[in-house]
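Before any comments, here is the structure.
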Amino acid sequence: MSQIEVITGEASKRYAQALLDLACESKSLKIIENDVANLKTILLKSKDLQKAISSPVIDVDKKVEVLTSIAKAASLSKLSTQFIGTVSKNRRSHDLLDILSFFQGLVANRKGTQLAKLTSARSLTTAQLKEIKSNLKKTLGREVDVETSVDPDLLGGFIVRVGSRLYDSSLKTKLEDLKIALKEV
């Protein structure tokens, strides 16, 4: 990991902690938690928006304007909108997704749960998701909040990332392992 990534990660963690502190102080943690989830969904759905807020070519004031107007259109709270504006004014809009993810992790820790990122080859049914959550709870010894995404490149199966641990039962990885094993023979 490069020094720049370490510095960026640390800044994102500090911003996430500051947002958590502000949310707790104003007794609006649940509202901010919902705002963060909504904003993260909006950002993840738009690759163009992600490129725009990460672009050094686009003026900071324009980024502030765009992000605050998105926050208002999404009916985010005043605190969330101000926080997004501050992050942008401080030239950290490129870190916004990381900040939101770190915030969700901090909230999960505060609740005594663990945040898991589940990527599957196709959308999972409610029953499948419930079974995976149950197995993760047994493995980790605590409740698990699961954030799901779909990646058709996996071909089948799923990948779960919990903190720094990775559980990979994807067909793509199994085929790659088989390919390596056959080359050795």
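The values are calculated or read from the model by the stated rules, or taken from the named source; none is laboratory data. The shown structure was predicted, so the numbers you read here are calculated from the model rather than taken from an experiment. Cβ coordinates were reconstructed from backbone atoms using ideal geometry, including for glycine residues, and neighbour counts include every protein chain displayed.
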(request) Scan region 63-85 and report the pairs whose first residue is in the same structural domain as Leu100 (by TED's automatic domain parsing) and charged (D, E, K, R) and whose second residue is buried (at least 20 other Cβ atoms within 10 Å of the Cβ) and not in a loop (DSSP other than H, G, I, E, B), with Cβ atoms within less than 8 Å and a gap of 6+ or a chain change. (result) Lys63/Ile53; Lys63/Ser88; Lys63/Ser93; Lys72/Thr81
(message) Being surrounded by fewer than 15 Cβ atoms within 10 Å (Cβ to Cβ) and among the β-branched types (Val, Ile, Thr): is that true of Thr41 here?
(response) yes
(request) Pairs only if they're at least six apart or on different chains, beta carbon under 7 angstrom, first in region 115-134 and within 13 Å of Asp168 (Cα to Cα) and in the same structural domain as Arg161 (by TED's automatic domain parsing), second among the small types (Gly, Ala, Ser) and in a strand (DSSP E or B); list them, first residue then second. (result) Thr119/Ser149
(message) One residue is enough: does region 47-56 have a residue meeting the conditions assigned by TED's automatic domain parsing to the domain that holds Arg165, exposed (fewer than 15 other Cβ atoms within 10 Å of the Cβ) and within 20 Å of the chain's Cα centre (by Cα)?
(response) no
(request) Can you give me the number of residues within region 167-185 that are surrounded by fewer than 12 Cβ atoms within 10 Å (Cβ to Cβ) and within 18 Å of Leu124 (Cβ to Cβ)? (result) 0
(request) Kindly indicate whether any position in region 144-159 is assigned by TED's automatic domain parsing to the domain that holds Leu20, more than 14 Å from the chain's Cα centre (by Cα) and closer than 24 Å to Cys24 by Cα. (result) no
(request) Could you tell me whether region 86-94 includes any residue that is of a type in the set (D, E, K, R), surrounded by 11 or more Cβ atoms within 10 Å (Cβ to Cβ) and not assigned by TED's automatic domain parsing to the domain that holds Leu67? (result) no
(request) At least 2 residues that are at pLDDT below 90 and among the basic types (Lys, Arg) in each: list the helices (runs of 4 or more DSSP H) lying fully within region 34-124 that qualify. (result) 96-111
(message) Looking at Val64, Val36 in this structure, which one is within 16 Å of the chain's Cα centre (by Cα) and either loosely packed, with under 13 Cβ neighbours inside 10 Å or of a type outside the set (S, T, N, Q) (or both)?
(response) Val36
